[in-house]
Structure formats: C-alpha cells, structure tokens
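A short worksheet on the structure shown next.
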Amino acid sequence: MDKKTASAKRKSTRAFLDKNASINIINKIIEQAKTAPSDVNTRPWQVAVVTGDSKDNICRKLEKACRYMNNLHC
C-alpha cells in the first residue's frame, strides 16, 4: 500500500467497549506499536498497563479532570 492510500484509509476510534482485553492481545498491540515509524526515534515512549482498582481510580480521576476542564471553557 502506498502512502497516499494508507493516509486516506486511516481512522481514529474514540468509542470503547467496557470489556477487558486479554494480556495476549495487549502484548500483540505493544509489539506492533514498537515497529511503527517515528521521527528518528526522538520521542521514546513508555507503556503502563493497569487493571482492576488502579484502572478504575485512574478512570475516575481522568473523568473528573475532563469535566473540570470542560467547565472552564463554557
């Protein structure tokens, strides 16, 4: 596939299911992401995978922060 076709077919997904992904799926996604092109590797990345109470706590805090930021821009 050429760059023009790849660019035209790309998409972003911003709708998520409330389902857990298996650790095997998560590992496959991370392995594929490691091969994605970057700007001469000038921005190394780190990944943290959280589940359970830690994930729920982060989700609550992010939602609270988003609601706060949305109220600032009303």
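Each value in this text was obtained by applying a stated rule to the coordinates, not by laboratory testing. Keep in mind that this is a model prediction, so the values were computed, not measured. Virtual Cβ from ideal backbone geometry, glycine too; neighbours counted across all protein chains shown.
Among 45-57, 10-22, how do they line up from the highest to the lowest mean number of other beta-carbon atoms within 10 Å?
Numbers: 45-57: 9.5, 10-22: 6.2.
Highest mean packing first, the order is 45-57, 10-22.
Mind putting a number on the dipole of the chain about its Cα centre? Charges go on the C-beta only, +1 for Lys and Arg and -1 for Asp and Glu, and I need it in Debye to the nearest 20. Walk me through the numbers before you get to the answer.
Details: 15 positive and 7 negative charges, 60 e Å.
Approximately 280 debye in magnitude.
Compute the FRET efficiency between Ile23 and Lys3 as 1/(1 + (r/R0)^6), taking r as their Cβ-Cβ distance and R0 = 22 Å, and round to the nearest 0.05. Could the numbers behind the result be given before it?
Numbers: r = 33 Å, r/R0 = 1.52.
So, using R0 = 22 Å, E works out to roughly 0.05.
Could you name the lysines in cross-link range of Lys61, using Cα to Cα under 27 Å and dropping any fewer than eight places away on the same chain?
In chain and number order, the partners are Lys19.
Equivalent-ellipsoid semi-axes (√(5λ), Cα gyration tensor) for segment 1-65, whole Å, largest first? Don't skip to the end; give the middle numbers.
Values: eigenvalues 151, 52, 42 Å².
Three semi-axes, in Å: 27, 16, 14.
Helix-only estimate, please: 222 nm mean residue ellipticity of the chain, summing -39500 (n - 2.57) across DSSP H runs of length 4 or more and dividing by its residues, to the nearest 500. Intermediate results must be reported in sequence, preceding the final value.
Values: 3 runs with 39 residues, N = 74.
So the helix-based figure for the chain works out to -16500 deg cm²/dmol.
Which lysines does Lys34 reach when only Cα atoms under 20 Å apart count, and residues fewer than 8 places away in its own chain are ignored?
Lys3, Lys11
Work out, step by step, the length gained on full extension between Arg67 and Ala15: first 0.36 nm times the residue separation, then minus their alpha carbon distance; give nm to one decimal. Numbers along the way, then the final one.
Values: separation 52, 0.36 × 52 = 18.72 nm, distance 1.78 nm.
Separation in residues times 0.36 nm, less the Cα-Cα distance, equals 16.9 nm.
Name the residue farthest towards the positive end of the dipole of the chain from the options Val49, Ala21, Leu72, assuming +1 on Cβ of Lys and Arg, -1 on Cβ of Asp and Glu, about the Cα centre.
Leu72
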